[in-house]
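Novice: Sharing a structure below in structure tokens format, with a few things to ask.
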Amino acid sequence: MSTKVIPDSEPDEFEAWLWAERVAIAESWGFEPEPGPETGDIVDPAADAIDRPPAVARFIGAQLHREQLLGQWEQAATEVARWQAVQARILAESLDLCLADGDSRPGTTLSVRSFAAELACAVRMSDRTVEQHMNDAQVLRDRFGATFGALRDGILPRAHAQVIADEGIRLSDDTGRAEYERIVLDLAAQLTTGRLRAVAKAVAEQLMATTLDDRHADARTRRRVHLRDVDDGMTELWALLPTALARGIEDRLTRFAHAVRDAEREAISDDAHLRSGVESKSQPESADPTGPDASPQANRTLDQLRVDAFCDLLLTGHASTAAIDRDGGARVDAIRGVVQITVPVQTLTEGTCPAAYLADRCPIDSESARRIAAAASIWHHVITDPLSGDVVAVHRRFPSEAQRRHLRARDEHCRFPGCRIPVWRCDVDHTVDHQHGGATSVCNLAHLCRRHHTMKHNTAWRVEQHEAGVLVWTSPLGRIYADRPSPTLRFMPTRA
């Protein structure tokens, strides 16, 4: 280790030597920023005292600018946290107001739903998201007061506060939550949200009043499967299930994937032997599975193999199509179509009557027809000519299939502003109620999810349908929100 000796000289000479050292360091770093407004506006308080070389001046100016940006970033984060606390307070008070309103009349849930929709439309958000934020804000304010105070003072960002509330909500007693907050808040300032969640989860687990076995027995009752559509024609299939089963499923899919990949590699190796003449010449040559004409199945990743095995197992009962072939083609037809039947009214009430027919197919037995009709939710009253059998009139409250196709193409999702529930999970609603004379026509029909369908009929929200399927909603506070159908054409026009 070498040691440099500071020259024993006058202060001016020492200062010059020191700047020479700094210049050498700056040049060794290769720092050559382009001049611009980022460095041009920086005021160097010592610029007049020493005539610094340009490289050193640019380096120091950029460093000062970085320090200014860092300070502004920290200040902005503090102000954002304070305003997020204001938003949380507003949402919590909104929920208080709705719950108090529900105490004086039935329909507390609808009161919350209605005002959440009002708040959401005002800021162009989903009302489901706003309602969830209202619940989160009330929990944060009422059960995690110290955390809410840290958010209000700008000490803690909203994401950290939400993590603390999410992991601590399982603590049912006030004493345990207070101890949990005290421990976690001391650590939160030095942790990212991901690391904070792990720490908070561990602390909450140690302070739980009940055992993990008891909580797991209760959690098992909430197991479910959920779909979420994503981009490019893909959908996530999500399941909440016990950890042991989930890990076992993942392990089994991985084993299936490795087995299929090993089989594919063995087939490629055997094919290479055939092409090289090692095997009998009487056997036909196979195509190169890795060549330009190869099947996409030949180069699947482990993740792709796991997904394919997952789909094959659920839809066919086998881990691969090869297993289906080995079993003689037997399979479980898990995907079924919608069956339409026509049932004469006498068939529903008497034993020996005209047969019921599958649409465009064949007759079915009367017992099956009666069982299907008993479970049907939609009936059409079709009046036919008794001699020719021609349809004379159709009285229906429910739309025809042609109308449904039209509405599905026009609406695509629930027609309440901001809602994205797809049409196949929605009700077809009469804008003017059928019981009040509303026609069963496409200009009086629109898709509403069950949440907003219920809200339309049971709260002060009102809707009118204008030309081209435009729905104009009027909120309980009198604000107007128009929801227009999604555009049918989704492409950019070409230019000459």
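Novice: Kindly provide the set of residues from segment 205-226 that are under 12 Å from Arg170 (Cβ atoms), over 27 Å from the mean Cα position of the chain (by Cα) and among the small types (Gly, Ala, Ser), ordered by number.
Specialist: Ala209
Novice: Just one of Ile42, Ile50 is modelled with pLDDT under 90, open to solvent by less than 50 Å² (accessible area, probe 1.4 Å) and in contact with a Gly (Cβ under 8 Å, 6 or more places away or on another chain); which is it?
Specialist: Matching residue, one of Ile42, Ile50: Ile42.
Novice: For segment 406-465: of the residues being among the aliphatic types (A, V, I, L, M) and open to solvent by 20 Å² or more (accessible area, probe 1.4 Å), which is nearest to Arg124 (Cα to Cα)?
Specialist: Once the filter is applied, the top-ranked residue is Ile421.
Novice: Follow-up question, since we're still on this one. Please give the strands (runs of 3 or more DSSP E) falling wholly within segment 420-496 in which 3 or more residues are within 24 Å of the chain's Cα centre (by Cα), at pLDDT 90 or above and not aromatic (Phe, Trp, Tyr).
Specialist: Fully inside segment 420-496 and qualifying: 445-449.
Novice: Sticking with this one: Of all residues in segment 219-251, how many are in a helix (DSSP H, G or I) and either hydrophobic (A, V, I, L, M, F, W, C) or more than 18 Å from Thr301 (Cβ to Cβ) (or both)?
Specialist: Adding up the residues that qualify gives 11.
Novice: Would you mind telling me which numbered condition in (1) assigned to a helix (DSSP H, G or I); (2) at pLDDT below 90 Pro106 fails?
Specialist: (1)
Novice: Give the residue that is nearest to Arg82 (Cα to Cα), with candidates limited to residues of segment 142-164 that are open to solvent by 60 Å² or more (accessible area, probe 1.4 Å) and of a type in the set (Lys, Arg).
Specialist: Going through the qualifying residues, I end up with Arg152.
Novice: What single numbered condition from (1) in contact with a helix residue (DSSP H, G or I) (Cβ under 9 Å, 6 or more places away or on another chain); (2) surrounded by fewer than 20 Cβ atoms within 10 Å (Cβ to Cβ) fails to hold for Asp214?
Specialist: (1)
Novice: Out of Glu93, Glu167, report the one residue that is surrounded by fewer than 19 Cβ atoms within 10 Å (Cβ to Cβ), modelled with pLDDT of 90 or more and not in a loop (DSSP other than H, G, I, E, B).
Specialist: The unique qualifying residue is Glu93.
Novice: Checking Ala116 against (1) of a type outside the set (Val, Ile, Thr); (2) part of a helix (DSSP H, G or I); (3) over 19 Å from His457 (Cβ atoms), which single condition isn't satisfied?
Specialist: (3)
Novice: Just the residues that are among the small types (Gly, Ala, Ser) and either under 26 Å from the mean Cα position of the chain (by Cα) or closer than 14 Å to Leu313 by Cβ (or both), please, taken from segment 244-264.
Specialist: Ala244, Ala246, Gly248, Ala257, Ala259
Novice: Right, another one. With the requirement that a residue be surrounded by 14 or more Cβ atoms within 10 Å (Cβ to Cβ) and of a type in the set (D, E, K, R), what does segment 466-483 give you?
Specialist: Asp483 - this is the single residue of segment 466-483 that is surrounded by 14 or more Cβ atoms within 10 Å (Cβ to Cβ) and of a type in the set (D, E, K, R).
The values are calculated or read from the model by the stated rules, or taken from the named source; none is laboratory data. Keep in mind that what you see is a predicted model, and the values were worked out from it rather than measured. For neighbour counting, all protein chains shown are included, and Cβ atoms are generated from backbone atoms with ideal geometry for every residue, glycine included. With ligands, DNA and RNA removed, areas are computed over all heavy atoms of the protein, side chains included. Shrake-Rupley method; radii C 1.70, N 1.55, O 1.52, S 1.80 Å.
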